[in-house]
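For reference, the structure discussed in these notes is given below.
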Amino acid sequence: MSDIKPETTPETTSENFTFTLKATSGKARLGEITMPRGTIRTPAFMPVGTVGTVKAMYLDQVKEGGADIILGNTYHLMLRPGPERVARLGGLHELIRWPGPILTDSGGFQVMSLSGLRKLDEQGVTFKSHVDGSLHHMSPERSIEIQGLLDSDIQMQLDECVALPNEPREIERAMELSLRWAERCRVAFGTQPGKAMFGIVQGGDQPALRIRSAEGLKQLDLKGYSIGGLAVGEPQAVMLEMLGITLPVLPVEKPRYLMGVGTPDDMLKSVAEGIDMFDCVMPTRSGRHGLAFTRRGKVNIRNARHAEDIRPLDDQSSCPAARDYSRAYLHHLVRSNEALGGMLLSWNNLSYYQELMQGIRKAIAENRFEDFKAETIEMWNRGDIDKL
């Protein structure tokens, strides 16, 4: 896949939010979302810019690497620098110098996972900031208000995400609450030309609950639908099973976003089920810890075998970080805890994720996705190049 030249980021825009399904290969879908700030080619990987920065990356690099859209996080941005301040500064796009679309998650997952103190009820969730211990309340309406102040292009409903495994009764309670919150978010979002609000399917690892959640959200006639509450501790097989059960319930003509996923293998197999959009901190977080993703699988650059290896990570890659720097230098940087090491590996990883998406899109357009999937997995299974 690395011999494919990077696609030019499309400049096509539309005054409205539209999704066009352009081709299929099996259940895999090739599509395009157009909106005022640009076009998103799907399947798409969206780099995570939690607090207004894709960690260890210049946003120019992120764009040049092939990303059409990035994420921001409602929870983190409401704490620092604050949504009202971001609005006064011209909105998140202006503040961070990203002209393309931005998707913001609702903050629900972070409230549940990061807050040391929280109280959840029908109205919303009261929680203690992990930054300074201050108390905050987030309702479905406030979540949408914050995302509006940030000037987000795709806004997510507030939901409750429970960890897996869990008791079916607890999963059902959270799913039903999330459905009620979705309706309140839809009302709060109202009509915003050119923007979209996505609902989030919950239901844990319970097939009947996933179906009920998807059917309930479908009735709200939203512009897109997300699958939440997966990749939270369950095996990959369970995740794929839930996708196989849930996706047939959702409208064919609307985009489908699998939240927080994942590894290249997770994404490849989820595209095969019909997923259109992904996000994950894994490429940048792994890069900062010395782990590289390549067409030959994962490479732990901290290992001693790389200490005197003058070869690059991948001499066929279009990314300078993978192609132009020796493994010996990358090893030295990472072992010395130099910031540049994490920057170069994050650059490599995000570039590889985008090259994978590009290869997937090309394969679907040519109706050979299953062959591409098999070839890609076979290349990963070969493992890294032999030691010198």
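The values are calculated or read from the model by the stated rules, or taken from the named source; none is laboratory data. Since the model is a prediction, treat every value here as computed from it, not as a measurement. Using ideal geometry, Cβ is built from the backbone for each residue, glycine included, and neighbour counts are taken over all protein chains shown. Side chains included, ligands, DNA and RNA excluded: accessible areas come from the protein's heavy atoms. Shrake-Rupley method; radii C 1.70, N 1.55, O 1.52, S 1.80 Å.
General observations
- Meeting the requirement of 2 or more residues that are small (Gly, Ala, Ser), modelled with pLDDT under 95 and under 17 Å from Ile377 (Cα atoms), no helices (runs of 4 or more DSSP H) wholly within the stretch 235-327 can be named.
- Here Asp314 fulfils each of the conditions (1) surrounded by fewer than 22 Cβ atoms within 10 Å (Cβ to Cβ); (2) within 23 Å of Ile360 (Cα to Cα); (3) not hydrophobic (A, V, I, L, M, F, W, C) apart from (1).
- Test for Asp309: is it in contact (Cβ under 8 Å) with a residue 40 or more places away in the chain, open to solvent by less than 60 Å² (accessible area, probe 1.4 Å), charged (D, E, K, R) and within 28 Å of Leu243 (Cβ to Cβ): no
- Which listed residue, of Arg173, Arg184, Arg212, is open to solvent by 60 Å² or more (accessible area, probe 1.4 Å), assigned to a helix (DSSP H, G or I) and more than 21 Å from Val252 (Cβ to Cβ): Arg173
- Only residues that are under 23 Å from Arg41 (Cβ atoms) and either surrounded by 20 or more Cβ atoms within 10 Å (Cβ to Cβ) or basic (Lys, Arg) (or both) were counted across the stretch 94-114, and they come to 8.
- Selection of the stretch 118-147 for residues being open to solvent by 70 Å² or more (accessible area, probe 1.4 Å), in a loop (DSSP other than H, G, I, E, B) and among the aliphatic types (A, V, I, L, M) yields an empty set.
- Test: residue in the stretch 318-326 that is in contact with a Lys or Arg (Cβ under 8 Å, 6 or more places away or on another chain) and either surrounded by fewer than 15 Cβ atoms within 10 Å (Cβ to Cβ) or not polar (S, T, N, Q) (or both): no
- For the stretch 215-234, taking the residues that are open to solvent by 40 Å² or more (accessible area, probe 1.4 Å) and part of a loop (DSSP other than H, G, I, E, B), the one that is nearest to Arg180 (Cα to Cα) is identified as Gln219.
Residue by residue, here is whether (1) among the aliphatic types (A, V, I, L, M); (2) closer than 29 Å to Leu345 by Cβ holds:
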| position | (1), (2) |
| --- | --- |
| Gly38 | no, yes |
| Leu59 | yes, yes |
| Val86 | yes, no |
| Leu92 | yes, yes |
| Leu117 | yes, no |
| Phe127 | no, no |
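- In the stretch 332-388, residue surrounded by the most Cβ atoms within 10 Å (Cβ to Cβ) [restricted to those that are part of a helix (DSSP H, G or I) and β-branched (Val, Ile, Thr)]: Ile360
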